[in-house]
Amino acid sequence: MFIEGVWLRYGRRGPWVLAGVDLAIGPGEVTMVAGRNGAGKSTLLQLAAGVIRPTRGRVRDRPATVGWVPERFPAEQPCSVRGYLRALAAVRGAGRADHMIDHWAERLGFGRYLDERLSALSKGTAQKVGLAQALLVPPGLLVLDEPWEGLDAQTHDEVPAIIAEVVATGGRVLLSDHRGEVARLPTATMVQLDGGLSGPLVTAPARRWVVEVVVTAPDPRPVMARLHAAGHEIIGVREEVGR
């Protein structure tokens with residue numbers, strides 16, 4: 001997918017929010033956008049997802065299936081969680097998709113709220129529903145605006161694993177972050193909206209951390225598999241006896 005020479009402003013005389021942005025995201029790639037508040041991160045993500053159109057320039061070769069998760073899920077809707085997810089699945093040609101709804105509800109920890117009204121959910125639970133709706137059909141492009149905001153610790157740790165699963169099947173992931181969570185995505189390319197509201201994207205190297213993990217189990221391979229699925233790189237394994 002290619003974002004080519006994109007400029008965007010809201011209104012004919014409004015200031016330019018994006019100016020001359022170019023970005024390419026290939027299959028199996030993760031791109032994280034950083035920048036101060038007001039730098040245009042959410043605008044760029046909405047444009048990539050097809051929610052808005054550029055004033056100038058174009059977005060080319062966007063995958064047919066896009067999963068879009070805004071920073072604030074619009075929960076003020078007159079339906080239950082299950083009804084909402086069924087409707088979104090039907091729009092995407094997946095029928096009722098009850099098996100996928102149950103899968104994501106269990107994995108993300110909101111199963112007991114499936115028959116509650118969306119408007120009655122807490123912000124954190126609503127964010128889980130927003131994440132689930134983007135994954136009911138495997139996305140060719142997954143766009144996440146501050147995906148860790150409002151999530152509990154268990155779901156917080158699921159986000160890197162979900163991203164790893166999307167890219168493992170050739171999907172693309174574009175996300176924003178202001179919490180410094182890039183360390184959770186060691187394979188991500190980090191780009192930054194620089195120079196105020198009209199700054200171009202500038203590629204910057206992602207920070208890497210090396211953390212030693214001690215596994216007290218007869219077989220370390222299941223733990224290694226979970227770490228790999230979460231996007232971590234295993235650089236060595238050794239056995240220590242007698243400690």
With every protein chain left in place and a probe of 1.4 Å, what is the accessible surface of residue 58, to the nearest 10 Å²?
130 Å²
Assign unit charges at the C-beta atoms only (+1 for Lys and Arg, -1 for Asp and Glu), then state the dipole size of the range 104-168 relative to its Cα centre in Debye, rounded to the nearest 20.
180 debye
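Rolling a 1.4 Å sphere over the protein heavy atoms, what is the accessible area per residue of the chain, to the nearest Å²?
I get 54 Å² per residue for this part.
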Taking 2.2 N^0.38 Å as the expected size of a compact globular protein, what ratio does the Cα radius of gyration of the chain give against it, to two decimals?
1.09
Between 28, 93, 57, find the one with the highest GNM mean-square fluctuation for the chain; connect C-alpha pairs within less than 10 Å.
93
Show me the ranking of peptides 3-16, 132-145 by mean Cβ neighbours inside 10 Å, starting with the highest.
132-145, 3-16
Expected unfolding gain across residue 65-residue 214 under the 0.36 nm per residue rule, minus the alpha-carbon gap, is 49.6 nm
Could you work out how far apart the two model spin labels at residue 234 and residue 56 are, taking each label as a point 7 Å from the Cα in the direction of the beta carbon, and quote it in nm?
5.1 nm
Share of accessible surface on carbon and sulfur in the range 77-123, whole %, 1.4 Å probe and ligands ignored, is 51 percent
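The values are calculated or read from the model by the stated rules, or taken from the named source; none is laboratory data. Only a predicted model underlies this, so the values are computations on that prediction, with no experimental measurement involved. Cβ sites come from the backbone with ideal geometry, for glycine too, and all protein chains shown count toward neighbours. Note: accessible area is taken over every heavy atom of the protein model, side chains too, but ligands, DNA and RNA are not part of it. Shrake-Rupley method; radii C 1.70, N 1.55, O 1.52, S 1.80 Å.
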